[in-house]
Amino acid sequence: MIKDLVSSMELFDIAKNNLVGGVNSPVRSFKSVGLDPIYFVSGNGAVITSVEGRNFIDYVLGWGAFILGHADEQVVNFVKQYADRGFHFGACHPLEVEFSLLIKEAFKSIDKIRVVNSGTEAVMVAIRLARAFTGRKKIVKFLGNYHGHVDYLLVKAGSGLATFGLPSSKGIPEEVINQTLLVEYNDFEGIERVFDRFGKEIAAVIIEPVAGNIGVLVPQNGFLKKLREITSNYGSLLIFDEVITGFRFEFGGLSNYYDPELVVLGKIVGGGLPIGVVAGKKEVMDLLAPLGEVYQGGTFSANPLSLAAGVATLKKLKSLNYGYLEEMAQLFQEGIVSIKNRFNNVNLRINRYGSMMSLFFNSEDVINSQVAYKSNRDLFSMLYKFLLEKGIYLPPSPFEAFFLSFKHSINEINYTIDRVEEFFMNM
Ligand SMILES: *Cc1c(COP(=O)(O)O)cnc(C)c1O
């Protein structure tokens, strides 16, 4: 039956009766740009193809996971080899050893790792470890930072929550979130204030070292250093949620410059299959069972298929020049800035850190969630629809970052910039 359905519209009509809101993750509904979802059936390099056979330049890239582009030949072949041998044994497997060596080679702050099935799960474990290690309860998080759908961190989170304007989620008791302290991103005084008041009760500060779930927020000079210093002074742990940023800008991450006790990875390290990694200093990580008394387990943790995709991706990344991504991303940014300068009544802004970017309509520079929430959503939706019609697929929300892969070339970027220009000429 499904075989005969050739349009996204027909599929979504049926989906709405069977899947909640027709989707399995809220942003996929395209609700925030006032459209219906597109059903994709294949991807190759920088291009994905819809069920209707339309091609799109993909800047979503599985929410950043496909840094090598879709269906990378080496990654696919490696996964196929393992698929033929049985998917999973729920037991030890040689690839997990190889994977751990690659992660440790890339991150000098990491002594030990544990592989789980999603970023959300890895964050949960990181927080549990921080609380066990310090014997404290409170967690500091930043407004607009998203750390997966962990109950006690779903307070002023970004991503789908920013898109839908929910301050937090229903179904989470006050008691669960009253140990979570909120600080505005890039707010040096805010972090001082919260430590002055609660310092000795704070188990950890968790941060996206470059925030990517409320658009891209770049940390201001000295902000991450400030967090490193203040957490050390108070005996709290620093947790870098590098689910997006890990392996995005270099073979490693921002943890290499700030030495956090715990690092959370996901997305890229799974090569596009489900994964999460919690990693860090030996003295903290060794609290996990079976060595310690902090429990964590998982039926599908470190399954061979996710690790095959991850290992093949990391091995390839080791030999690639990230300068290429930086160069392409710079061209993208320059293109947008030059359009903005030519149409000087246009408030279009691009936030960028390496090959991680976001577009906003805003009269001010976007440096924290307050400014991000003030962006003009209607203009974004108009631009979004226009670009989609021209075969350019951006995340269907101004609050999600978009990315480049090693398969994006100057051709795709020029085409995209020209279409953005066309949009403003028509306006
Ligand atoms: C995507 C994301 C997560 C959650 O990872 P899932 O695999 O979706 O559970 C956590 N933190 C950050 C920064 C993310 O971008």
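The values are calculated or read from the model by the stated rules, or taken from the named source; none is laboratory data. Bear in mind that the values here come from a model prediction, so they are computed numbers and not experimental data. Note that we place each Cβ from the backbone using ideal geometry, even for glycine, and neighbour counts take in every protein chain shown. These area figures cover heavy atoms from the full protein model, side chains too; ligands, DNA and RNA do not enter into them. Shrake-Rupley method; radii C 1.70, N 1.55, O 1.52, S 1.80 Å.
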(request) Roll a 1.4 Å probe over the protein heavy atoms and report the accessible area of SER168 in Å², nearest 10. (result) 40
(request) Heads up, I need the accessible area for LYS226: 1.4 angstrom probe, whole protein in place, Å², nearest 10. (result) 40
(request) With the Cα gyration tensor of the chain in hand, give its eigenvalues times 5 under a square root as the equivalent ellipsoid semi-axes, listed largest first in whole angstrom. (result) 33, 27, 21
(message) Using DSSP to call loops (not H, G, I, E or B), can you name the GluC sites (Glu not before Pro) in the range 301-372 whose Cβ has at most 13 other Cβ atoms within 10 angstrom?
(response) GLU364
(request) Rank these by accessible area, largest first, 1.4 Å probe: ARG85, ARG352. (result) ARG85, ARG352
(message) I'd like the Karplus ³J(HN,Hα) series for the range 278-292: coefficients 6.51, -1.76, 1.60, θ = phi - 60°, whole numbers in Hz, and an x wherever there's a Gly or Pro.
(response) 10, 8, x, 5, 3, 5, 8, 4, 5, 6, 6, 5, x, 6, x
(request) Starting from the amide H of ALA204, placed 1.01 Å from N in the peptide plane, find each other amide H under 5 Å away whose residue is 5 or more places distant or on another chain. (result) VAL140, LEU237
(request) Step through the residues of the range 69-77 one at a time and calculate ³J(HN,Hα) from phi using the Karplus curve (6.51 cos²θ - 1.76 cosθ + 1.60, θ = phi - 60°), rounding each to whole Hz and writing x for Gly and Pro. (result) x, 6, 6, 4, 4, 5, 5, 4, 5
(request) Could you order peptides 105-114, 64-73 by the average number of other Cβ atoms within 10 Å of their residues, highest first? (result) 64-73, 105-114
(request) Report, to the nearest whole %, how much of the accessible area of the range 73-318 belongs to carbon and sulfur atoms, 1.4 Å probe, protein only. (result) 53
(request) Lys and Arg at +1, Asp and Glu at -1: add these up for the other residues within a Cβ distance under 13 Å of LYS80 and post the number. (result) -2
(request) Could you list which residues have their amide H under 5 Å from that of GLY276, counting only those 5 or more apart in sequence or on another chain, with H placed in the peptide plane? (result) VAL116, ASN117, SER118
(request) Sequence neighbours fewer than 8 away in the same chain don't count; with that in mind, list the lysines whose C-alpha is under 18 Å from LYS267. (result) LYS104, LYS315, LYS316, LYS318, LYS407
(message) Taking θ = phi - 60°, what integer Hz values does the Karplus form 6.51 cos²θ - 1.76 cosθ + 1.60 yield along the range 120-127, in sequence order, with x for Gly and Pro?
(response) 3, 5, 5, 4, 3, 5, 4, 5
(message) Can you say what percent of the DSSP beta bridges in the chain, counting only those with both residues inside, are antiparallel? Round to 5.
(response) 60
(message) In the chain, if the dipole is taken from +1 on Lys/Arg beta carbons and -1 on Asp/Glu beta carbons about the Cα centre, which of HIS93, ASN233, GLY22 is farthest to the positive end?
(response) ASN233
(request) Mark the label point 7 Å from the Cα of GLU327 along Cα→Cβ and return the residues of the range 390-427 whose backbone N is within less than 12 Å of it. (result) 409-410
(request) Would you mind getting the accessible area per residue of the chain, heavy atoms of the protein chains only, 1.4 Å probe, in Å²? (result) 43
(message) What are the extents of the Cα atoms of the range 73-318 along their three principal axes, in Å, largest first?
(response) 56, 38, 37
(request) Determine the order of ASP58, ASP187 by accessible area, beginning with the largest, at a probe radius of 1.4 Å. (result) ASP187, ASP58
